[in-house]
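Student: Would you mind keeping the following structure in view while I ask a few things?
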């Protein structure tokens, strides 16, 4: 699971380690251990295959390969990779779910802003399917 941008990895939590409380960071962070509490950042959180979060995640981008129970709010995107197990409410302008990911919860996709974003992309996709004769 690779990072989605050029952010430098700011830190990581290895398997076998647990944080109970709050985690804040400024650059990308990889979590392969367990976190119970809140995660806050404008950057990217990578939850590895062995990683688990129980609580509230508020970040720029969230890439999930492990387990999440709670709430995910992302200003840019959420990606659920194959093997992810997520029981959460997700709010983000873009949500990607790969084959093999499990998700139970609610998704709210909000318009990203004046440059277009999710709403415009969905409208373009629907228009393209209508032109191609598919639904």
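Student: Restricting attention to the stretch 89-110, does a residue exist that is outside any strand (DSSP E or B), over 15 Å from residue 13 (Cα atoms) and modelled with pLDDT under 95?
Tutor: yes
Student: Taking the conditions exactly as written (buried (at least 16 other Cβ atoms within 10 Å of the Cβ) and either touching a strand residue (DSSP E or B) at 6+ places or on another chain (Cβ under 9 Å) or in contact (Cβ under 8 Å) with a residue 60 or more places away in the chain (or both)), does residue 107 satisfy them or not?
Tutor: Judged against the criteria, residue 107 is not a match.
Student: A further question follows. Restricting attention to the stretch 59-76, which residues are without any contact (Cβ under 8 Å) to a residue 60 or more places away in the chain and more than 17 Å from residue 93 (Cβ to Cβ)?
Tutor: 66, 67, 68, 69, 70
The values are calculated or read from the model by the stated rules, or taken from the named source; none is laboratory data. Just so you know, these numbers come straight off a predicted model, no measurement behind them. Quick reminder, even Gly has a Cβ in these numbers, built from the backbone with ideal geometry, and neighbours come from all protein chains shown.
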